[in-house]
1. I'm told Glu16 meets every condition in (1) part of a loop (DSSP other than H, G, I, E, B); (2) more than 30 Å from Asn149 (Cβ to Cβ) except one. Can you identify the failing condition by its number?
2. Considering only residues that are assigned to a loop (DSSP other than H, G, I, E, B) and in contact with a strand residue (DSSP E or B) (Cβ under 6 Å, 6 or more places away or on another chain), look in region 122-144 and name the one that is nearest to ligand 2 (Cβ to nearest atom).
3. Taking the criterion of being modelled with pLDDT of 90 or more and of a type in the set (S, T, N, Q), would at least one residue in region 77-88 satisfy it?
4. Do we have any residue at all in region 45-61 that's open to solvent by less than 40 Å² (accessible area, probe 1.4 Å), in a strand (DSSP E or B), among the small types (Gly, Ala, Ser) and touching a residue at least 24 places away in the same chain (Cβ under 8 Å)?
Amino acid sequence: MKILLKDILFEDIEREWDEDVEEANALFNIEPHNTLKLIVPFHVTMKLHRIGDNVDIVGKYEGKLEFVCDRCSEKSYTHLEERFHYLLQPKKPGEEAIEEGDEELEVGYYEGDEIDLSELAIEHLMLSIPMRMLCKEDCKGICPYCGGNKNERECDCEKKAGKSNPFSILIN
Ligand SMILES: [Zn+2]
Ligand SMILES: [Zn+2]
């Protein structure tokens, strides 16, 4: 979804669309996010308001993300719902981009006479994904001895391994 700056010259506009997840998923195919996949539909809403040359954008997106748990390697899903607020300024040639803004308002730049709203939403999504994704906070992971998923079945491999440890005789 792209808009032309002249479209918001005299009035605020609102756009609502389902993003092309194929394109976003191609971007995800890089470490450490290469197991992430957006599920259809990924719904985005943005309200645009022009203040001089700047564009104020309030938006939100909603969707579902498929991923592989970093601890147990099981396929999992998480619901996404994020709100964001951007202030885009025209990027002038040769001008250094200043990173500023806070949690509430992020400052960015646009170039030319067009703003790529899809890119803005996907970029925000990528930055909000944690480095480590778990199926649940207390995921027990995989047993290093039998390879079993400890969330599904408790095994006593670790206990047994502890007994065969020659040093354990010193403790017993
Ligand atoms: Zn897990
Ligand atoms: Zn085990």
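1. For Glu16, the exception is condition (1).
2. Going through region 122-144, the residues assigned to a loop (DSSP other than H, G, I, E, B) turn out to be 129-141, 143-144.
After this cut, where a residue has to be in contact with a strand residue (DSSP E or B) (Cβ under 6 Å, 6 or more places away or on another chain) as well, the list is 133, 135.
Details: Met133: 24, Cys135: 18 Å.
Applying the filter and picking the extreme gives Cys135.
3. First, pick out the residues of region 77-88 that are modelled with pLDDT of 90 or more: 77-88.
Filter once more, so that each one left must be of a type in the set (S, T, N, Q): 78.
Yes, region 77-88 contains at least one residue that is modelled with pLDDT of 90 or more and of a type in the set (S, T, N, Q).
4. Our first condition is that a residue be open to solvent by less than 40 Å² (accessible area, probe 1.4 Å); within region 45-61, this holds for 45-46, 48, 55-57, 59, 61.
Then keep just the ones that are in a strand (DSSP E or B); that gives 45-46, 48, 55-57, 59, 61.
Retained after the next criterion (residues that are among the small types (Gly, Ala, Ser)): 59.
Remaining after also requiring touching a residue at least 24 places away in the same chain (Cβ under 8 Å): 59.
Taking every residue of region 45-61 in turn, at least one turns out to be open to solvent by less than 40 Å² (accessible area, probe 1.4 Å), in a strand (DSSP E or B), among the small types (Gly, Ala, Ser) and touching a residue at least 24 places away in the same chain (Cβ under 8 Å).
The values are calculated or read from the model by the stated rules, or taken from the named source; none is laboratory data. As the structure is a computational prediction, the values presented were derived from the model and not from experiment. Note: ideal-geometry Cβ built from the backbone for every residue, glycine included; neighbour counts use all protein chains shown. These area figures cover heavy atoms from the full protein model, side chains too; ligands, DNA and RNA do not enter into them. Shrake-Rupley method; radii C 1.70, N 1.55, O 1.52, S 1.80 Å.
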